[in-house]
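Below is one structure, written out as structure tokens, with a few remarks after it.
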Protein chains: 2
Amino acid sequence: MWGVLRAALRATGRVGWPAALCRPMAASGPAAVARGSANTAGIIIIGDEILKGYTQDTNSFFMCRRLRALGVSVARISVVPDDVEAIASEVAAFAARFTFVLTSGGIGPTHDDVTFEAVAKAFGERVILHPELVALVHKFFGKTEVQCPEMKLARVPESSRLNYGTDRHTGNTFKYPLVSVHNVYIFPGIPALMERALDGLAHLFQSKQTHFHSRTIYVASDEMFITPVLDWADATFRGRVSLGSYPDWTSNYYRVKLTLDSESEQDLEEAYRFLMRELPPGIAVPLVTDCVSPAAVEVYGLAESGSALGQKVAAALQTIEEALDRYSLVQLCVGFNGGKDCTALLHLVHAAVQRQFPARQERLQVLYIRTVSPFPEMEQFIQATVQRYGVQLCTVEGSIREALAHLKEQQPQLEAVLMGTRRTDPYSRTLTPMTGPTGTSGSSCASSLSPTVSSMTRAGASMSCWTREGPLRCHRTIPAPACPGAVGLCLLPYADGVDGPLALRLCSSLCSP
Amino acid sequence: MWGVLRAALRATGRVGWPAALCRPMAASGPAAVARGSANTAGIIIIGDEILKGYTQDTNSFFMCRRLRALGVSVARISVVPDDVEAIASEVAAFAARFTFVLTSGGIGPTHDDVTFEAVAKAFGERVILHPELVALVHKFFGKTEVQCPEMKLARVPESSRLNYGTDRHTGNTFKYPLVSVHNVYIFPGIPALMERALDGLAHLFQSKQTHFHSRTIYVASDEMFITPVLDWADATFRGRVSLGSYPDWTSNYYRVKLTLDSESEQDLEEAYRFLMRELPPGIAVPLVTDCVSPAAVEVYGLAESGSALGQKVAAALQTIEEALDRYSLVQLCVGFNGGKDCTALLHLVHAAVQRQFPARQERLQVLYIRTVSPFPEMEQFIQATVQRYGVQLCTVEGSIREALAHLKEQQPQLEAVLMGTRRTDPYSRTLTPMTGPTGTSGSSCASSLSPTVSSMTRAGASMSCWTREGPLRCHRTIPAPACPGAVGLCLLPYADGVDGPLALRLCSSLCSP
């Protein structure tokens, strides 16, 4: 029965097993990756359902984050099937190589729950009915028969210890313990239970001497461009600071994320200063996580910068401000279909409203004219945008004509819809800002609106959105309707260029997680 | 240099390696888990960032799903650090045990990209500059210097093969190949690139003789209750059908999901019939993924069933239908704050509207009175509910008094708000349906409304929602306002019991993913 473990010990050349079991072991052997003195952990995720692709394992991600925060270096994760031999050989190999082994899954009552049996086999132990667990089965399930399914929970390796965790919030001791065998901790597979157990037993893994320190640098350039500096930094700090380089294709703010990790804060800071000094100037950028709160400052800053782009933004803001002077927020809404043009428009309108009415109670109203079968990514982006900007979304179905008629029926107080189109679109070149009835108040205006709406829609609305996997582009043409004349329409043609880099930048960065 | 691989071969007792490399190998050894004749795969995910908990691995989940669909049984997943020795020893062990090995990550230009070097080491090969890859680096990056960072992409094990995938959508051949060495396929770590490459190279892994068949049974009882039957089924079909049992704590429709898998459709159907026959009657339940479309049929079916619950639902429907007779959909909205009472109400109103106006264009309007700091789970549930029922959400901030005043200003056509409270709540016992002004049309009605609103709000609104981790409950009291008298209020007191099992059932099942 000691066979599996003995073979594993022979394979790694380790001796002195019983002594090593009594205290946490330092990592060694070819697979020991922690370069410092930290305790190591191996995680074994048990379950056919993961290997078959039915279920995504999230437990190892949680365990890795928690263990790192506790000063433990996770050296390996293995996903194995519900198979006694497979689990036993992995447990034996991991127990001999890492300070801690955490398993997850396979401790329920059914035939495919074989973890206790496998751990016993790994250590050459028998499985016994543990008296304390038998009492708990009786207490919780009211069962005492040795052969009942519930009693399988009490059948554990003979050297098992029972670890009662503590609820972090209440301070109460958990009623059911976690079983451990030597340095192997046997967690449940249900994520909520596993997370609760690990949080409640953090003291078992917490390192007194090890704290991981880390810093991140975001770089707005291609990885190839900084490779020589990274090689140099790695050669300089190897063994003291671990340096990771991760391209990100979804962010429009940065292209590479650099991570620096060390057990020494001093080494970390030295490496950080090294990189900030040696990286080409200007390519280390701040991480933008909220582009909405500072919108007014940023947008007006750009408008007042005098740059070519700034001048175009200033022209667009002037049109928006004119609309805000003429209509109250209750009378106004912004057309929004999830595309990059209207996302840029919404951002500019938000900036103008934020500046003009910083203490307003009303939400900015947004009109989404829903097509028959919108792309799911688009709908998600629209919902995310509603949350991000805190706007009031009004969804109307059908063609622009039907939608505007329905909107006026539902919200008769509306006087104007801000819409974005591009100066460079065909049919848009001849448009001027504030096309449509101005000054009139919700009255019928079919004749004066028709040409505008026709022009806009005949041009074909171009909608695009970005997914996390990269750009998804789709083009659909909205058939040209006759104008219902129910709602005053305020058309906002961007200046050339504004819809290009600005809109794309906004759209993709807003989509990033 | 052959050391690592030779040791691995010795450890598993395999001989005849060079011959085995020429064709896919059947699985063997203690870790071979496929019980049938299927080709096996081992997945090696390479990256410090995953072990440190910075990044969640999603590549193995994608690979498992795709490989299974291709008839390949994934036997093991291993996550290893960016370390030549660690990668080499795992590649050597996996290459000897599984038909295919898929690695992911570590093939970029920077110092922490060491996969090619490690795979070469596993097979005792040298790393060479591959002429075809050198040409591609020149083509794509315009670089020819041997020492430039880009050239690292061309430095691969000497026996490398280049596999050009085919775009599934366009049928075009990819411009950049995937490198493989013997039975090891070296995928990129960026998910979008990895997924594209695997989909484009499916033919390399597709099995001609193996198809996995599977069935699922959802059981509305505790796992302990069915364990004897599962044990019996497992003993009867072991080796032919693999049976998995997975408790689900988040669904209110079922408690255990059983999966049956087999390479033989006949064996699978036999095992399925066995279980359906031997499981206690009535506990196998259909999986409900859409409770909205059949709402009218289900709700009216219940109302007409004559059961105690049915009678209460019938009484509630009568009140709703009276409101629908009196007000048009444009004049009506349903109060909704994400709690279980109003979720049940929304479901009943949706059923009544679906039955009365099946071809309607208008969306049902829903009023969400947002508190100052709502729980994020609640907001998510509200957004999900809006999507699920296809309703038009109107969010208003502040107290009920302020909210109703603001609502009337924004949407003056509104005449009535359907709200749900419980007959068993204090202050609700004395209420009758259609409390408030009936027949009046948006006129001021402060005095007649005050008692109702006061009663409702003094009772304290109980809001609860469910998260995927289990129930999250929260209770907050809305301060009793004076009625603004702006909007007619139609109060819908449920009959006793309707808000109990029905509301809870609705709420938790709707929340499940």
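Quick notes
- Looking across segment B:184-211, the residues that are aliphatic (A, V, I, L, M), within 14 Å of another protein chain (Cβ to nearest Cβ) and either touching a residue at least 40 places away in the same chain (Cβ under 8 Å) or closer than 30 Å to B:Arg255 by Cα (or both) come down to B:Met194, B:Leu198.
- Selection of segment B:212-232 for residues being outside any helix (DSSP H, G or I) and within 14 Å of chain A (Cβ to nearest Cβ) yields B:Phe212, B:His213, B:Ser214, B:Arg215, B:Thr216, B:Ile217, B:Tyr218, B:Val219, B:Ser221, B:Asp222.
- Among residues of segment B:269-320, those that are closer than 19 Å to B:Arg255 by Cβ, free of Cβ contacts under 8 Å to residues at least 60 places away in the same chain and within 26 Å of the chain's Cα centre (by Cα), counted: 1
- Residues that are touching a Gly at 6+ places or on another chain (Cβ under 6 Å) and farther than 30 Å from A:Gln387 by Cβ, drawn from segment A:257-298: A:Glu263
- So A:Asp199, is it surrounded by 15 or more Cβ atoms within 10 Å (Cβ to Cβ) and over 22 Å from A:Ile43 (Cα atoms): no
- Among the criteria (1) out of contact with any Leu (no Cβ under 9 Å at 6 or more places or on another chain); (2) of a type outside the set (S, T, N, Q); (3) modelled with pLDDT of 95 or more, the one B:Ile77 does not fulfil is (1).
- Count of residues meeting criterion [in a loop (DSSP other than H, G, I, E, B), more than 7 Å from chain A (Cβ to nearest Cβ) and farther than 18 Å from A:Leu51 by Cβ] in segment B:240-256: 8
- Every condition in (1) surrounded by 15 or more Cβ atoms within 10 Å (Cβ to Cβ); (2) modelled with pLDDT of 95 or more holds for B:Ile190 except the one numbered (2).
- Scope segment A:283-308; condition assigned to a loop (DSSP other than H, G, I, E, B) and open to solvent by 50 Å² or more (accessible area, probe 1.4 Å); matching residues: A:Pro286, A:Leu287, A:Val288, A:Thr289, A:Asp290, A:Ser293, A:Glu304, A:Ser305
- For segment B:59-112, a residue qualifies if it is open to solvent by less than 10 Å² (accessible area, probe 1.4 Å) and hydroxyl-bearing (Ser, Thr, Tyr), and the qualifying residues are B:Ser78, B:Thr99, B:Thr103, B:Ser104, B:Thr110.
- Within the set B:Pro247, B:Pro228, the sole residue that is open to solvent by 10 Å² or more (accessible area, probe 1.4 Å), within 24 Å of the chain's Cα centre (by Cα) and without any contact (Cβ under 8 Å) to a residue 60 or more places away in the chain turns out to be B:Pro247.
- Residue match in segment A:192-210 (condition: part of a strand (DSSP E or B), farther than 29 Å from A:Glu150 by Cβ and of a type outside the set (Val, Ile, Thr)): no
- Residue within segment A:174-183 that is over 26 Å from A:Ala41 (Cβ atoms) and within 14 Å of another protein chain (Cβ to nearest Cβ) present: no
- Meets criteria (within 14 Å of chain B (Cβ to nearest Cβ) and either closer than 20 Å to A:Phe237 by Cβ or surrounded by 15 or more Cβ atoms within 10 Å (Cβ to Cβ) (or both)) for A:Asp261: yes
- A:Val119 being part of a strand (DSSP E or B), closer than 21 Å to A:Leu201 by Cβ and open to solvent by less than 80 Å² (accessible area, probe 1.4 Å): no
- Residues in segment B:46-103 that are facing another protein chain (nearest Cβ under 7 Å) and acidic (Asp, Glu): B:Asp48, B:Glu49, B:Asp83, B:Glu85.
- Whether a residue is open to solvent by less than 60 Å² (accessible area, probe 1.4 Å), assigned to a strand (DSSP E or B) and at pLDDT 95 or above was assessed, and A:Ile50 does not pass this test.
- With respect to the stated conditions, B:Asp341 is surrounded by 17 or more Cβ atoms within 10 Å (Cβ to Cβ), at pLDDT below 90 and of a type in the set (Asp, Glu).
- The lone exception for B:Phe357 - which of (1) at pLDDT 90 or above; (2) more than 25 Å from B:Pro412 (Cβ to Cβ); (3) open to solvent by 20 Å² or more (accessible area, probe 1.4 Å) it fails: (2)
- Every residue from segment B:334-361 that is within 20 Å of B:Val299 (Cβ to Cβ) and within 14 Å of another protein chain (Cβ to nearest Cβ): B:Ala359, B:Arg360
- Test: residue in segment A:126-141 that is facing chain B (nearest Cβ under 8 Å) and open to solvent by 20 Å² or more (accessible area, probe 1.4 Å): yes
- Scanning segment A:368-411 for residues that are within 10 Å of chain B (Cβ to nearest Cβ), more than 35 Å from the chain's Cα centre (by Cα) and closer than 28 Å to A:Ala295 by Cβ yields a total of 1.
The values are calculated or read from the model by the stated rules, or taken from the named source; none is laboratory data. A quick note: this is a predicted structure, and the numbers were derived from the prediction, not measured. Cβ sites come from the backbone with ideal geometry, for glycine too, and all protein chains shown count toward neighbours. SASA here: full protein model, heavy atoms, side chains in, ligands and nucleic acids out. Shrake-Rupley method; radii C 1.70, N 1.55, O 1.52, S 1.80 Å.
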